[in-house]
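Below is one structure, written out as structure tokens, with a few remarks after it.
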Amino acid sequence: MSQVNVYPPSAEFVERANVSGMEAYKALYKRAAEKPEEFWGELAKEKISWMEPFSHVFEWEPPFAKWFVGGKTNACFNCVDRHVLAGHGEKVALLFEGEPGDTRKVTYSELLADISRFANGLLKLGVKTGDRAIIYMPMIPEAVVAMLACARLGVTHSVVFGGFSSEALKARIQDLGAKLVITADGGWRRGKEIKLKPAVDEALNDCPTVESVVVCARTKGSVEMVHGRDHWWHAVEAGQSENCPAVPLDSEHPLFVLYTSGTTGKPKGILHTTAGYLLQAAMTMEWVFDLKADDIYWCTADIGWVTGHSYIVYGPMSRGATQIIYEGAPDTPGFDRWWKIVAHFKATVFYTSPTAIRALIRQGNQWPEAHDLSSLRLLGSVGEPINPAAWEWYYNVIGKGRCPIVDTWWQTETGTILIAPMPGAVPLKPGSGTLPMPGVMADVVDLDGNSVGANQEGYLIVRRPWPSMVRTIWGDPQRFQDQYWSRLPGNYFTGDAARRDEDGYFWVLGRVDDVLNVSGHRLSTMEVESALVRHPAVAEAAVVGKPHEITGQSVCCFVTLKKGDFDHEALGKELRQWVGHEIGAFARPEEIRFSDALPKTRSGKIMRRLLRELVTNNTVAGDVTTLEDLSVITKLAAQHDDEA
């Protein structure tokens, strides 16, 4: 990590940047650190449209925070109405492309009309402020309408990714006590119809709180409708007025609950409230994505994940962005689908995951090189630490060496980006999230809470509350206290390991339990993975610790290869030597397993926890509800049995 290249922003980029030069970043950070109430209070007054002003900036009774106390606002009003009222109603809000190739353009005025009609339809169904709704939809404009209509009425929404099973859906409906489910007949993925309504029907056999189900006709497939409970979307909004006033809501009104999986089977409902979350989502759009009025912005996430909440709906729309929404897979019908979309819509800002980047690397450079990507001016990465080799490919092949990459660190719990470069200010180092956002007091510490020295590994914490922070775990404040605040009282414990280099840059190494101890050497799995993907044959790697009676743990690597014919036995030996040369003999893997795919969540994160279970117990018994493709782990288990 100390031998990486440094990429300062170009003079041209600095000149146009929202935050221009390191001195500007340092001044912002210093002001936020020294006068946080004044800093955030002024931004809140400037960036949020208030229906009633707040009386004071924040209250902090660890671990519970309140921001912009006493104020009233509405997230939907801030994302749509105020742009229309400011005369920007004809600006395009959404550029939609479905996987089959259908397209739509939706202006802010059209979006406001759609939201208002749908919200009035929900009111007619008996939905009211304070109720909870589950949204289980494909990536279509109606999903955005559903979220914002809920926000408009003060209905707390929980979006469930459309790939989840009925059991996972049921658990979330029950925990939330949802009154309403908004879904679709199905969506398109890799050329196939993914049915959604049958999963809802199955889940609702055990969900007595649900009174109404609204179904959007996306695929036009046949579905069963339960009389009195189920309603077609088009029937709900038919004849409804396009005038539906946004409800003034307390700054701490629950905006959404988003469920994340832990090591146990019970998902955690992460609660985010209205004003503080909205403000930091808006500010990071300006600081990190350097958003301009003429940008065509594209975040490839699904709204079922927090990235889709913060950087498709609430962040970009609160700043009046024009953005692309794509329904389907990046490899359908070919591996250039994303690059066709970039070229067609002339996207300027592109935000995706390291997993997607590595998958595209594996297919070869010919796919992006067949398209004109010259409209791009900024690239982003989200989801997990990006290997330096993948960073360099992204920078050189997609960005042609002229687009800064904002490598963003944050979590569902943090709500918005906490560590990332401001691209017109901060020189980039491949693999590093660089520096914290203003107002984010991040540190790397030992288990006593003491800051560790430069280039020493420790625990990543945040020492001070920030506006978009998680407020609690839905229905379980004790679990919230225990999981995030008990390890180092008064400090938010992220669960990630990190280092800070001599320039103060943060290098996030992955989850704390993704650290190996081999013969007394502490070794980050990311370091070994980064070494492996630097090898020209390797597309992707996942590294876990395997119990070893002599060394404590040994290094076990799961590797997928780029296209080509390889002698696995010879390549395995070569890769062991390669890692030993790159890191040191103590890091040399004991075992390398080649696989066509790695187990990933539906948001693209490698599920190392399952791989650890496999190499430790020869089986997988933990929570697999977030696993995208169960057959991947089944094949790996079978391969393990064959080798055993």
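The values are calculated or read from the model by the stated rules, or taken from the named source; none is laboratory data. Note that the structure is a prediction, hence the values are computed from the model and not measured. Reconstructed Cβ throughout: ideal geometry from the backbone, glycine too, with neighbour counts over all protein chains shown.
General observations
- Of W50, W67, W60, W40, all but one fail to be more than 30 Å from W338 (Cα to Cα) and assigned to a loop (DSSP other than H, G, I, E, B); the exception is W50.
- Pick from the stretch 158-168, criterion buried (at least 20 other Cβ atoms within 10 Å of the Cβ) and in a loop (DSSP other than H, G, I, E, B), ranking: modelled with the highest pLDDT: V160
- Some residue of the stretch 69-91 being in contact with a strand residue (DSSP E or B) (Cβ under 7 Å, 6 or more places away or on another chain) and of a type in the set (F, W, Y): no
- Number of the condition not met by E369 [criteria: (1) farther than 27 Å from G315 by Cα; (2) in contact with a helix residue (DSSP H, G or I) (Cβ under 7 Å, 6 or more places away or on another chain); (3) among the charged types (D, E, K, R)]: (2)
- Verdict on R104 being under 25 Å from the mean Cα position of the chain (by Cα), more than 20 Å from D185 (Cβ to Cβ) and of a type in the set (K, R): no
- Tallying residues that are under 17 Å from the mean Cα position of the chain (by Cα) and of a type in the set (S, T, Y) within the stretch 403-450 yields 4.
- Exclusive hit being surrounded by fewer than 17 Cβ atoms within 10 Å (Cβ to Cβ), at pLDDT 95 or above and more than 28 Å from S10 (Cα to Cα), set N396, N450: N450
- Cβ pairs under 9 Å, 6+ apart, first in the stretch 38-62 and farther than 19 Å from V462 by Cβ and in contact (Cβ under 8 Å) with a residue 24 or more places away in the chain, second in a helix (DSSP H, G or I) and of a type in the set (F, W, Y): S49/F77; M51/F77
- Applying the criterion of being at pLDDT below 95 and assigned to a loop (DSSP other than H, G, I, E, B) to the residues of the stretch 266-300, the residue that is farthest from A133 (Cα to Cα) is K266.
Per-residue answers, yes or no, for (1) modelled with pLDDT under 90; (2) over 25 Å from S631 (Cα atoms); (3) hydrophobic (A, V, I, L, M, F, W, C):
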position: V543; (1), (2), (3): no, no, yes
position: K546; (1), (2), (3): yes, no, no
position: C557; (1), (2), (3): no, no, yes
position: T560; (1), (2), (3): no, no, no
position: G564; (1), (2), (3): yes, no, no
position: D567; (1), (2), (3): no, no, no
position: E574; (1), (2), (3): no, yes, no
position: E582; (1), (2), (3): yes, yes, no
position: F586; (1), (2), (3): yes, yes, yes
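- Where G604 falls short, out of the listed (1) modelled with pLDDT of 75 or more; (2) on the phi > 0 side of the Ramachandran plot; (3) surrounded by 18 or more Cβ atoms within 10 Å (Cβ to Cβ): (1)
- Tally, over the stretch 126-155, of residues that are under 17 Å from G177 (Cβ atoms) and either touching a Gly at 6+ places or on another chain (Cβ under 8 Å) or in a loop (DSSP other than H, G, I, E, B) (or both): 10
- Taken residue by residue, the stretch 485-498 has no member that is outside any loop (DSSP other than H, G, I, E, B), out of contact with any helix residue (DSSP H, G or I) (no Cβ under 8 Å at 6 or more places or on another chain) and over 21 Å from V288 (Cβ atoms).
- Candidates in the stretch 87-113 are the residues that are closer than 21 Å to P245 by Cα and in contact (Cβ under 8 Å) with a residue 40 or more places away in the chain; of these, the one that is surrounded by the fewest Cβ atoms within 10 Å (Cβ to Cβ) is H88.
- Residue list for the stretch 186-203, restricted to those being without any contact (Cβ under 8 Å) to a residue 60 or more places away in the chain and either within 22 Å of T300 (Cα to Cα) or surrounded by 21 or more Cβ atoms within 10 Å (Cβ to Cβ) (or both): G186, K192, E193, I194, K195, K197, A203
- Residues satisfying the stated conditions in the stretch 76-106, i.e. in a helix (DSSP H, G or I) and of a type in the set (A, V, I, L, M): V80, V84, L85, A86
- Unmet criterion (only one of (1) in contact with a Lys or Arg (Cβ under 7 Å, 6 or more places away or on another chain); (2) in a strand (DSSP E or B)) for R593: (1)
- Residue within the stretch 341-348 that is in contact (Cβ under 8 Å) with a residue 24 or more places away in the chain and either surrounded by 22 or more Cβ atoms within 10 Å (Cβ to Cβ) or within 30 Å of L249 (Cβ to Cβ) (or both) present: yes
- Residue ID - farthest from L509 (Cα to Cα), chosen from residues in the stretch 541-590 that are in contact with a helix residue (DSSP H, G or I) (Cβ under 6 Å, 6 or more places away or on another chain) and of a type in the set (K, R): K562
- Qualifying residue in the stretch 169-177 (condition: buried (at least 19 other Cβ atoms within 10 Å of the Cβ) and in a loop (DSSP other than H, G, I, E, B)): no
- The listed residue being of a type in the set (V, I, T) and either in contact with a Lys or Arg (Cβ under 8 Å, 6 or more places away or on another chain) or not in a loop (DSSP other than H, G, I, E, B) (or both), out of V444, V426, V470: V444
- Check on E15, over 25 Å from L148 (Cα atoms), touching a strand residue (DSSP E or B) at 6+ places or on another chain (Cβ under 8 Å) and in a helix (DSSP H, G or I): no
- None of S222, S241 is of a type in the set (S, T, Y) and closer than 20 Å to F118 by Cα except S241.
- Residue match in the stretch 248-255 (condition: modelled with pLDDT of 95 or more, in the same structural domain as L123 (by TED's automatic domain parsing) and out of contact with any strand residue (DSSP E or B) (no Cβ under 7 Å at 6 or more places or on another chain)): no
- Being in the same structural domain as S116 (by TED's automatic domain parsing), out of contact with any Cys (no Cβ under 9 Å at 6 or more places or on another chain) and either part of a strand (DSSP E or B) or buried (at least 18 other Cβ atoms within 10 Å of the Cβ) (or both) is a property that holds for V215.
- Which numbered condition E142 misses (of (1) touching a residue at least 60 places away in the same chain (Cβ under 8 Å); (2) in contact with a Phe, Trp or Tyr (Cβ under 6 Å, 6 or more places away or on another chain)): (2)
- Here V214, V181, V200 are screened, and the one residue that is in contact with a His (Cβ under 6 Å, 6 or more places away or on another chain) and closer than 19 Å to G304 by Cα is V214.
- Any hit, the stretch 501-509, residues being under 30 Å from P427 (Cα atoms), part of a loop (DSSP other than H, G, I, E, B), within 19 Å of the chain's Cα centre (by Cα) and of a type in the set (F, W, Y): no
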